[in-house]
Structures are given as structure tokens and as C-alpha cells.
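The values are calculated or read from the model by the stated rules, or taken from the named source; none is laboratory data. As the structure is a computational prediction, the values presented were derived from the model and not from experiment. Methodologically, a virtual Cβ is constructed for each residue, glycine included, from the backbone with ideal geometry; neighbour enumeration extends over all protein chains shown. Just so you know, the surface numbers come from the protein's heavy atoms only, side chains and all, with ligands and any DNA or RNA stripped out. Shrake-Rupley method; radii C 1.70, N 1.55, O 1.52, S 1.80 Å.
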Amino acid sequence: MYDKQRILSEISKTKIVPVIKIDDVADTRPLLRALSAGGINIAEITYRTACAPDAISLALKEFPQMIIGAGTVINLVQAEQAAALGAHFIVSPGFDESIAGFCNSKGIIYFGGCVTPTEIMKAVSMGQEIIKFFPSESFGGLKTIKALAAPFPQIKFMPTGGINKDNIREYLSCNKIIACGGSWMVKDELIKSGDFAAVTRLTAEALLEVNR
Ligand code: 3PG
């Protein structure tokens, strides 16, 4: 069983959270094996497809060495389901107070999406310490994160949206950023074509870039 601190320290140590969309639950196994072989033992499996709960459940059962989160959680019902499955963290594209309240009551890590000072104020009032900044590149990327960090020194950011191996180092040079999320190593077309070797290669490349 992972506690909150261990999950957060694994995320901030790895610095990359792969954002995954699984259309066919049978892809879960080879995909997570490929990520793990590339050196990343974290996966955010998004509620963008009907089989997300099955994929999360399989991942938690068969990959106990991995941190498995539920992403694109957009309502309380999904959050409750993900928590019941045992998801290690919950991510939303926007900030939802009912999800934040639920996660607080269960002691589950919640990365709610914020891009404005008003949204961050709401997150702060609910005791959040880390927010998702999404879609990062569309909302000004690192420049906006630095501007937002000034009035909210207690807040850390997990940007996602438009991040890849060419800009991740720049993001991570900012000490307000604990990790970056992204789908560039787990693209739809790679999963659909069964090119899991490419997933491993892109994952390893991403880690090399972050740690060079
Ligand atoms: C997310 O929900 O975090 C994003 O879809 C990831 O963004 P990307 O696909 O641009 O990496």
C-alpha cells in the first residue's frame, strides 16, 4: 500500500506523469510494461474512455510496483469510483470543489486543474498544495506559472498540455514545478498500432532528457 508521501515523492522524483487514454483494456498490460521498461513507474489513466475503470483496476492489481492515478476525472461519481478501485491519485482538467472535498476526506491526492488566480484561490481555500496547470502551453506555459507562483508561494504546479521532450527541461528548471504530465510517449497511434517498443524508447528518451 502506498501512502500519500510516498506517491508524491515518487512523482517528484520521476518528474514525468504519462497521461494515458486506453480504448481497449487489453492494451493496459503491454502499455504499462512498456512504460516500466522505459523507466517510468507512474501512469495516469484517464476517464476519457469507457474502459478506464477496468484499466485502472487491472493496472493496480497487476502492476503493484507502479503508481496508478485516475485522470480526466470530471465529476464526483468518477472520483468515488476511482477511489474505490484504489487509485493512488486523482486528476481533473479543472478544479472541482466536490472532488477536492471528497479527496480530502479520504486522504487521496487530488491534482485539480487551475489556470487563473481565482481558481487557485479556490484550491488554496480547500487546502490544496499542488495544482494541475492545464492546458499549459495554451495558457502561457512557464511564464504564466511563474507569474502565478508569486502571489501563491505555498502552491506547486504540475503542468500538462503541450509538454514534450523539447520543452520539459525548461519547465522543470522552475522549482515551483514538481513534475510535468504529458502524452507524448504514450500517443494514441502508438497504442492503437501496438508499437509498445516505441513507448519504451520515448519513455527512456524523456527520462534521459529530464536527468541529463
Ligand atoms: C492532460 O489531460 O493532461 C493532457 O491531455 C496531456 O496533454 P498532452 O496530450 O498535450 O501531453
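Note on segment 4-207: dipole from Cβ charges, positive end direction compared against Phe152, Thr28, Ser125; the farthest Cα belongs to Phe152.
Per-residue surface analysis assigns Arg29 an accessible area of about 90 Å², computed on protein heavy atoms at 1.4 Å probe radius. The charge dipole of the chain, taken about its Cα centre with unit charges on the Cβ of Lys, Arg, Asp and Glu (plus for the first two, minus for the last two), comes to roughly 580 debye.
Of Lys143/Lys176; Lys13/Lys192; Lys13/Lys176; Lys4/Lys132; Lys61/Lys132; Lys122/Lys165, which ones are farther than 22 Å apart at the Cα?
Checking Cα-Cα distances, Lys13/Lys192; Lys61/Lys132; Lys122/Lys165 exceed 22 Å.
The residues of segment 32-103 expose, per residue, 34 Å² of accessible area to a 1.4 Å probe. Over segment 4-207, Cα pairs under 8 Å with separation of 6+ residues give a relative contact order of 22 percent. Tyr47's amide H: which non-local residues (gap 5+, or another chain) put their own amide H closer than 5 Å, with H modeled 1.01 Å from N in plane and none for Pro or chain starts? Excluding prolines and chain starts, which carry no amide H, the hits are Gly71, Thr72, Val73. Only protein heavy atoms count here; under a 1.4 Å probe, Glu137 has an accessible surface of about 90 Å². As a fraction of the 1.4 Å probe accessible area of the chain, surface on carbon and sulfur atoms comes out at 53 percent.
Note on Lys192 and Leu208: the extension gain reaches 3.2 nm, defined as 0.36 nm multiplied by sequence separation minus the Cα-Cα distance.
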